[in-house]
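What follows is a set of notes on a single structure, which appears directly below.
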Amino acid sequence: MRNLSLGKPDMSLIVAKGLGVSFNGRLVLDRVDFIISKGEIVTLVGPNGSGKTTLIRALLGIVKAHSGHIEQQPGLRIGYVPQKLAIDATMPMTVARFLALPSRQPKDQIGAVMARVGAENLEAQQMSSLSGGQFQRVLLARALLGKPDILMLDEATQGLDQQGIAAFYQLIEAVRTEIGCAILLVSHDLHVVMSTSDRVVCLNGHVCCEGSPKVVSQAPEYRELFGIGSGGVLALYRHEHDHNHDHPHNHVPRD
Amino acid sequence: MFDDFLIRAALAAIGLSLATGPLGAFVIWRKMAYFGDTIAHAAILGVAVSLAFSISIFVGTLLVSFGVGLLAANFTDTRRSMDSILGVLSYSALALGLVAISFVKGANIDLNALLFGDILTVTKANLVQVWAVSLLILALLAWRWTSLLTATLSEEIAASVGINSARERLVLTLALAIVVAVSLKVVGAMLIGAMLIIPAAAARGFSRSPEKMAGIAIVIGAFSGVGGVIASAVIDAPTGPSIVVVAAMVFVASQFVARDQK
């Protein structure tokens, strides 16, 4: 625990060391080390089935690891933003009621947070009637109301277009600057990440590589690729794998 | 004009709705209808066990239903094909129970009553039991409400705020087993599922929050109970099924009314 090279021990919010998780005899996570420190932005990338979700679930304590251990800073407040909720039209739920989970917050605070995420005047609406973008913002608002030390976002940008993703990243970045929380972003996009990520961790059962993203240049072809107005919030991540696998999997995007 | 036994029957149905309303809402939200049926069917095996070991039928059905519920919940955890596993468990427990009951010596058991309830023979002691247990369930659900609701919405959000979803699932399984044990006398093993699902489904159209849906489900359940008891007396029909028919009619009506409100 004390000899981890990344982050000072007293600054680390969550430290996982040598994590191993298997389901029905299949090894999903193998000797995974993970650390996130105060105020840090970490992007976790990996192809489908690479164990990203399992790692998050292990960090949250839902999945039990068969080896290794996880340490959370005592009293750590986690704001979790899921990809979707397990409710459909069968559960009536207004935005206001949802924001009161797990505990009711003062009205002025709700108003301030909703304004901050750009979701004003939605409180009376049903969750099921929100658009994809509104829904994401409401999920984010609920997580922020708990004044988190760390914000975890699981594929939060899925279903948004490039401009929507850029806008969402800008929002996350602004929120981080304001409240100083650490951010753990999970993404299946292996190559385009949030440019302010301090670290990108590429996972595929084990940690394949780790590094910082390259800021997207202002070259026209990049501007075209990422859409006008992304404002430099997107960046490329170059994978540098120092090892080969004896099993086939690819790190190239599937076009 | 109404006899005591009819009033007791109606009161039993009202008492039961206090538990089946909110519990039924969770059954719908979590898509546990088949799971609820499995626990209900296991009650027949519970009756056989109670007779064989000469223990109270309430305790026997509660234990067996809870046990089968735990078994079923365990299978749903590992993401195996839930549907078929529940089907196997559900009908095996029912059939095994029916076979076992036939072997219990000297038992004078009215199978019809076990399967479809015998609400007209509810005694004052039964009535006290139904109300006490239903109020207990209602209190349990109220106490765990936020945790249950959060765990239903997202296991991850629940974990992030320190709520253990597995424990909340256990609370629901236990509550279901208790409700099944207490309602065997009222609507029977085959129709408990209906009393869980139909009032809550009917309440959906009138509700803007989970709490309202649970509350309105209680009202609809109680109305169906009283309506079913009266209707069965008037048209001389079996009472348990009559209650379910009234509930189904309320559901159909709710579909039209709820549509008008939009």
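The values are calculated or read from the model by the stated rules, or taken from the named source; none is laboratory data. If you're wondering where the values come from, they're calculated on a predicted model, not measured in any experiment. Cβ sites come from the backbone with ideal geometry, for glycine too, and all protein chains shown count toward neighbours.
Here are the criteria: (1) out of contact with any Leu (no Cβ under 7 Å at 6 or more places or on another chain); (2) surrounded by fewer than 24 Cβ atoms within 10 Å (Cβ to Cβ); (3) part of a helix (DSSP H, G or I). Tell me which single one B:ALA40 does not satisfy.
Condition (2) is where B:ALA40 drops out.
Any residue in region B:32-42 that is in contact with a helix residue (DSSP H, G or I) (Cβ under 9 Å, 6 or more places away or on another chain), more than 29 Å from A:THR90 (Cβ to Cβ) and modelled with pLDDT of 85 or more? Give the steps one after another, and end with the answer.
Taking region B:32-42 first, the residues in contact with a helix residue (DSSP H, G or I) (Cβ under 9 Å, 6 or more places away or on another chain) are B:32-42.
Filter once more, so that each one left must be more than 29 Å from A:THR90 (Cβ to Cβ): none.
No.
When you scan region B:48-62, how many residues do you find that are farther than 16 Å from B:LEU114 by Cα and polar (S, T, N, Q)?
1
Can you tell me which residue is surrounded by the fewest Cβ atoms within 10 Å (Cβ to Cβ) among those in region A:28-53 that are out of contact with any Gly (no Cβ under 7 Å at 6 or more places or on another chain) and part of a strand (DSSP E or B)? Show your work before the answer.
Filtering region A:28-53 for residues out of contact with any Gly (no Cβ under 7 Å at 6 or more places or on another chain) gives A:32, A:34, A:36, A:38, A:40-49, A:53.
Subsequent filtering for residues that are part of a strand (DSSP E or B) retains A:32, A:34, A:36, A:41-45.
Working: A:VAL32: 23, A:PHE34: 23, A:ILE36: 26, A:ILE41: 23, A:VAL42: 21, A:THR43: 24, A:LEU44: 28, A:VAL45: 26.
So, considering only residues that are out of contact with any Gly (no Cβ under 7 Å at 6 or more places or on another chain) and part of a strand (DSSP E or B), the one surrounded by the fewest Cβ atoms within 10 Å (Cβ to Cβ) is A:VAL42.
Search region B:173-227 for residues being touching a Ser or Thr at 6+ places or on another chain (Cβ under 9 Å), within 12 Å of chain A (Cβ to nearest Cβ) and not in a helix (DSSP H, G or I), and hand back the single one that is surrounded by the fewest Cβ atoms within 10 Å (Cβ to Cβ).
Ranking the qualifying residues of region B:173-227, first place goes to B:ARG208.
Output the number of residues of region B:109-141 satisfying the condition of being hydroxyl-bearing (Ser, Thr, Tyr) and at pLDDT 95 or above.
Summing the residues that are hydroxyl-bearing (Ser, Thr, Tyr) and at pLDDT 95 or above in region B:109-141 gives 1.
Identify, from the list A:GLY79, A:GLY49, the residue that is under 17 Å from the mean Cα position of the chain (by Cα) and either aliphatic (A, V, I, L, M) or away from chain B (no Cβ under 11 Å) (or both).
A:GLY49
Tell me, yes or no, whether region A:99-118 has at least one residue that is within 12 Å of another protein chain (Cβ to nearest Cβ) and more than 24 Å from A:VAL175 (Cβ to Cβ).
Within region A:99-118 (the criterion being within 12 Å of another protein chain (Cβ to nearest Cβ) and more than 24 Å from A:VAL175 (Cβ to Cβ)), the answer is no, since none of the residues qualifies.
Residues are listed down the side, and each one gets a yes or a no for (1) touching a residue at least 60 places away in the same chain (Cβ under 8 Å); (2) under 22 Å from B:ILE101 (Cα atoms); (3) part of a helix (DSSP H, G or I):
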site: B:GLY21; (1), (2), (3): yes, no, yes
site: B:ALA25; (1), (2), (3): yes, no, yes
site: B:TYR34; (1), (2), (3): no, no, yes
site: B:LEU45; (1), (2), (3): no, yes, yes
site: B:ALA48; (1), (2), (3): no, yes, yes
site: B:SER54; (1), (2), (3): no, yes, no
site: B:LEU62; (1), (2), (3): yes, yes, yes
site: B:VAL68; (1), (2), (3): no, yes, yes
site: B:PHE75; (1), (2), (3): no, no, yes
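For region B:113-134, enumerate the residues that are loosely packed, with under 13 Cβ neighbours inside 10 Å and within 21 Å of B:SER54 (Cα to Cα). Break it down into steps so the answer makes sense when it comes.
Keep residues of region B:113-134 that are loosely packed, with under 13 Cβ neighbours inside 10 Å, which gives B:123-125, B:128, B:132.
The answer is B:THR123, B:ALA125.
Identify, by number, the condition in (1) within 13 Å of chain B (Cβ to nearest Cβ); (2) buried (at least 16 other Cβ atoms within 10 Å of the Cβ) that A:LYS147 doesn't meet.
Among (1) within 13 Å of chain B (Cβ to nearest Cβ); (2) buried (at least 16 other Cβ atoms within 10 Å of the Cβ), the lone unmet condition for A:LYS147 is (2).
Consider B:ILE137 carefully, then state whether it is more than 12 Å from chain A (Cβ to nearest Cβ) and buried (at least 21 other Cβ atoms within 10 Å of the Cβ).
Criteria met by B:ILE137.
Of the conditions (1) surrounded by 14 or more Cβ atoms within 10 Å (Cβ to Cβ); (2) over 24 Å from B:ALA139 (Cβ atoms), B:LEU63 satisfies every one except a single condition; which number is it?
(2)
Any idea which residue in region B:162-172 is modelled with the lowest pLDDT, counting only those that are within 11 Å of chain A (Cβ to nearest Cβ) and either in contact with a helix residue (DSSP H, G or I) (Cβ under 6 Å, 6 or more places away or on another chain) or crowded, with 20+ Cβ neighbours inside 10 Å (or both)?
Out of the qualifying residues, it is B:SER165.
If I ask for residues that are surrounded by fewer than 20 Cβ atoms within 10 Å (Cβ to Cβ) and free of Cβ contacts under 8 Å to residues at least 60 places away in the same chain, which ones from region A:179-193 would you list?
A:ILE179, the sole residue that qualifies.
Which condition number does B:THR146 fail, the rest of (1) buried (at least 23 other Cβ atoms within 10 Å of the Cβ); (2) farther than 29 Å from B:GLY97 by Cα; (3) within 14 Å of chain A (Cβ to nearest Cβ); (4) among the β-branched types (Val, Ile, Thr) being met?
(1)
Quick one: how many residues across region A:82-94 are over 22 Å from the mean Cα position of the chain (by Cα) and either more than 8 Å from chain B (Cβ to nearest Cβ) or surrounded by fewer than 16 Cβ atoms within 10 Å (Cβ to Cβ) (or both)?
From region A:82-94, those over 22 Å from the mean Cα position of the chain (by Cα) are A:88-94; that's our starting set.
Retained after the next criterion (residues that are either more than 8 Å from chain B (Cβ to nearest Cβ) or surrounded by fewer than 16 Cβ atoms within 10 Å (Cβ to Cβ) (or both)): A:88-90.
Within region A:82-94, residues that are over 22 Å from the mean Cα position of the chain (by Cα) and either more than 8 Å from chain B (Cβ to nearest Cβ) or surrounded by fewer than 16 Cβ atoms within 10 Å (Cβ to Cβ) (or both) number 3.
Can you say whether A:GLU173 is touching a His at 6+ places or on another chain (Cβ under 9 Å) and either surrounded by 17 or more Cβ atoms within 10 Å (Cβ to Cβ) or of a type in the set (Ser, Thr, Tyr) (or both), as far as the supplied structure shows? Quick ask: steps written out before the conclusion?
Details: touching a His at 6+ places or on another chain (Cβ under 9 Å): no; either surrounded by 17 or more Cβ atoms within 10 Å (Cβ to Cβ) or of a type in the set (Ser, Thr, Tyr) (or both): yes.
Judged against the criteria, A:GLU173 is not a match.
Condition test on B:ALA151, is it within 11 Å of chain A (Cβ to nearest Cβ), in a helix (DSSP H, G or I) and surrounded by 23 or more Cβ atoms within 10 Å (Cβ to Cβ)?
yes
What's the total number of residues in region A:54-72 that are part of a strand (DSSP E or B) and within 14 Å of another protein chain (Cβ to nearest Cβ)?
Number of matching residues: 2.
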